[in-house]
Amino acid sequence: MDTQAADAVGTRKLRADAERNRLRIIDAARELFAERGLEVSLDDVAERAGVGVGTVYRRFTNRDELIVGVLAEHLTQVAEQARLALQDPDAWQAVVDVLTLVGTSMATDRGLAALIMRIDHEHPDIKSAKSILTGQLTQLYERAMEAGVLRPDLAPSDFFGIFTMLAALADVTQPSVPDAWRRFLELILDGVRATGRTTLSVPALTDEQILEIQCARRDAQR
């Protein structure tokens, strides 16, 4: 191998190593944000990721930059899943898959809501990631409309409301009834579909569960 080719291979390896480290840092930060909130240090993130502190600071000079990196990566991953869903020839199933994906991420990653509240939505990285995701969701919506599987008065912006409702419900019910949000997702899907009705597979909350949820929220606010 000549020197130029060896340099090219070495450069690709360095880039691959750097990308792996970046993803390890982001994964570690997401875990810590979910566990402890957003007030974790970059040192904490480095320890969880198993990388040197200097490696973290080279990628993210402060916590706000790390928060941007974490949310941008999440939006990118959701956009990729939406792109894959669009390959399903069944337009309705693609809608179900994407809404379930978002609901699952909101329910299982408790730090996401805090990130969304804290983030600068005008940051170029966030705007870029949101633009890509919005493009995928718009394609999803337009294809489903053309197929006649969505109610005709549904607007693209309704997805924001649906995602917000699922996130809020998941946050309330997660400590006591982790899968409760799935029932309400089915209710939402049934409401946005043009035709047909389904039998909900997730049971309604019991009075005891509702009381448990209310008590848990009250105790958390003390």
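The values are calculated or read from the model by the stated rules, or taken from the named source; none is laboratory data. This structure is a prediction, so every number in the text was calculated from the model and none was measured. When we count neighbours, we look across all protein chains shown, and the Cβ atoms used for this are built from the backbone with ideal geometry, even at glycine. Note: accessible area is taken over every heavy atom of the protein model, side chains too, but ligands, DNA and RNA are not part of it. Shrake-Rupley method; radii C 1.70, N 1.55, O 1.52, S 1.80 Å.
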Q) In the Gaussian network model of the chain, springs joining C-alpha atoms below 10 Å, which of Arg83, Arg59, Arg22 carries the largest mean-square fluctuation? A) Arg59
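How much net charge surrounds Ala28 when only other residues with a Cβ under 9 Å from its Cβ are counted (Lys, Arg +1; Asp, Glu -1)?
Working: positive: Arg24, Arg30, Arg48; negative: Asp27, Glu31, Asp44, Glu47.
Computed value for this residue: -1.
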Q) What FRET efficiency would be calculated for the residue pair Arg83, Ser157, taking the C-beta separation as r and a Förster radius of 22 Å, to the nearest 0.05? A) 0.60
Q) Given a 1.4 Å probe, how much area per residue of the chain is accessible, in Å²? A) 58 Å²
Q: Would you tell me the accessible area of Glu65, worked out with a 1.4 angstrom probe on the heavy atoms of the protein chains, in Å² to the nearest 10?
A: 80 Å²
**Q.** Residue among Gly37, Val172, Leu185 farthest towards the positive dipole end of the chain, charges placed on Cβ
**A.** Gly37
(Q) List the residues, sorted by chain then number, that are 5 or more residues from Leu150 or on another chain and whose placed amide H is less than 5 Å from its amide H. (A) Ala194
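Kyte-Doolittle mean at least 0.0 and Cα extent at least 27 Å along the axis: which DSSP H helices of the chain qualify? Spell out each step's value before the answer.
Details: long enough: 3-36 (49 Å, -0.69); 63-85 (33 Å, 0.23); 124-147 (34 Å, -0.35).
The answer, listed by residue number, is 63-85.
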Q.
Solvent-accessible area of Ser128, probe 1.4 Å, all protein chains present, reported in Å² to the nearest ten, please.
A. 60 Å²
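State, as an integer percentage, the relative contact order of the chain based on alpha-carbon contacts under 8 Å between residues 6 or more apart. It would help to have the intermediate numbers written out before the result.
On the way: 199 pairs, mean separation 39.2, N = 222.
Reported relative contact order: 18 percent.
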Q | Carbon plus sulfur fraction of accessible area for the chain, probe 1.4 Å, in percent | A | 53 percent
Q) For the pair Leu187 and Ile116, how long in nm is the line joining their label points, each one 7 Å along Cα→Cβ? A) 1.8 nm
Q) How far apart, in nm, are the 7 Å Cα→Cβ label points at Thr195 and Asn62? A) 5.7 nm
Q: Provide, for q = 0.10, 0.17 Å⁻¹, the log10 of I(q)/I(0) from a solvent-free Debye sum over equal Cα point scatterers in the chain.
A: -0.58, -1.24
(Q) Can you compute the helix-only [θ] at 222 nm over the chain? Use -39500 (n - 2.57) per DSSP H run of at least 4 residues, normalise by all residues, nearest 500 deg cm²/dmol. (A) -25000 deg cm²/dmol
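Given the convex hull of the Cα atoms of region 51-103, what is a quarter of its surface area in nm²? Kindly include the intermediate steps, with their values, before the conclusion.
On the way: hull surface 18.6 nm².
Taking the Cα atoms of region 51-103, their convex hull projects to 4.7 nm² on average.
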